[in-house]
Amino acid sequence: MNVLRATALAARRRAVAGNAQSGNAIVEFVYLAVLLMVPLVYVLITVFRVQAASYAVSSAAREAGRVYATSSSIDEADGRAFAAARMVMADSHLPLDSDQLRITCSTNPCLQPGSQVDVVMTYNVALPLVPRFFSDRAPASIHVTSSHLEVVDRYRTAAR
């Protein structure tokens, strides 16, 4: 009887001692998961925003070059190219300022048959969750640039 009682008492002590550690593994796992996942999610969000802006800037430069090269006159070419680039950027919910789009021609006057139109588009992607007052202390944006070279059709009439 004493052996049975001693065994039951030892089993009860082990059960009570085991309960003191129960649940700690879950707490440690959650703590480490949060500690590792928050920076990972931040990096992924940043990479996705930069990639989306890269696609938008590349497409906007290409479309601005195409529209500029197919314009019938030099007077309307700048406005049409900026409008096309702004539409492409708006599809990605990104704003476009006039100083972010630069268009140069290989000939003067521009839009001569066989000439080249070079479009350079720049955009600064703001880092997510970085306050504006850090912008003078550390870089708070990533600079994205794209260029596109469009050739004016050789068989078109010269633009006026």
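Points worth noting:
- Potential lengthening of the chain between residue 49 and residue 157 amounts to 34.7 nm, from the contour at 0.36 nm per residue minus the alpha-carbon distance.
- Point-to-point label distance, residue 66-residue 126, nm (Cα→Cβ direction, 7 Å offset): 3.1
- Couplings 3J(HN,Hα) of region 77-88, computed from phi: 5, 4, x, 5, 5, 5, 5, 5, 5, 5, 5, 5 Hz, in residue order, whole Hz [Karplus 6.51 cos²θ - 1.76 cosθ + 1.60, θ = phi - 60°; x for Gly and Pro].
- Ranking of 118, 153, 99 by neighbouring Cβ atoms within 10 Å, starting from the fewest: 99, 153, 118.
- Per-residue extension of 0.36 nm, minus the Cα-Cα distance of residue 102 and residue 90, leaves a gain of 2.5 nm for this segment.
- Placing a pseudo-label 7 Å from each Cα along the Cα-to-Cβ vector at residue 73 and residue 145 gives an inter-label distance of 3.4 nm.
- Long-range amide H partners of residue 115 with built H, under 5 Å: 152
- Projected label points at residue 80 and residue 31, each 7 Å from Cα along the beta carbon direction, are separated by 6.6 nanometres.
- For the pair residue 112 and residue 41 in one chain, pulling the backbone fully straight at 0.36 nm per residue adds 20.5 nm over the alpha carbon distance.
Every number here is computed from the coordinates shown, using simple stated rules; none is lab data. These figures come from a predicted structure and were not determined experimentally. Cβ coordinates were reconstructed from backbone atoms using ideal geometry, including for glycine residues, and neighbour counts include every protein chain displayed.
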